[in-house]
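The values are calculated or read from the model by the stated rules, or taken from the named source; none is laboratory data. The model shown is predicted, which means the values in this text are computed figures rather than measured ones. Methodologically, a virtual Cβ is constructed for each residue, glycine included, from the backbone with ideal geometry; neighbour enumeration extends over all protein chains shown.
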């Protein structure tokens, strides 16, 4: 196995070229001489690619990302973003890089439909945010999929519609109904027909003079009402006062009360 110093030297050369795999040799000296010679040759070739004239005939890379799994371990998969050029489709014809067989694929298509939970097999959320009871994707029973003992030759059962297919089948009636609702677009509100007669007419905006005139009319009506009320009260009170005077005079004349 190669020593750490030799590994660091080789890795530093790899960083200047591209991300690649380090091949281990049994003998450190053989590894150092053979790897340096091979990497230097590739590095010289890579220098020519930096020329703007040559880039027009090749592929110019924006960024490269090395994919990792859930345990944060590096995978032999790279996501590459290249500049837009007329010969971008030719990149799929590349079969080897730095004496390594590679396969360049198109990016994955967008997810079709809503999110699918791998725990309860329902739609609209993922298993990381699911608090429902687990359901199997194959038989529809209340257990995890990895714990399923269903025979491979037996028919599957959907946990959503109870038909003979798996719960993640895109032709499921439950998925189609949810997908249809998620893709429905709200119809914009159309402008009302100008010829349509509205039930309530629009209120007319009054001027300052009109508002003042109306206020004066209201005040005059109130004063007239109060004057009529006072006149009615006086017509009722005056006879009572005259009657009270006559009663008092009679009582004084009989000596019942003193004046």
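Values as computed for the structure displayed
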quantity: Subset tally (residues that are outside any loop (DSSP other than H, G, I, E, B) and surrounded by 13 or more Cβ atoms within 10 Å (Cβ to Cβ)) for region 126-167; calculated: 2
quantity: Long-range neighbours under 9 Å by Cβ, at least six apart or interchain, first residue under 12 Å from residue 78 (Cβ atoms) within region 98-113, second at pLDDT below 75 and exposed (fewer than 10 other Cβ atoms within 10 Å of the Cβ); calculated: 100/21
quantity: Hey, residue 94 modelled with pLDDT of 75 or more and surrounded by 11 or more Cβ atoms within 10 Å (Cβ to Cβ) or not; calculated: yes
quantity: Single residue of region 168-186 satisfying the filter (modelled with pLDDT under 85 and not in a helix (DSSP H, G or I)) that is surrounded by the most Cβ atoms within 10 Å (Cβ to Cβ); calculated: 184
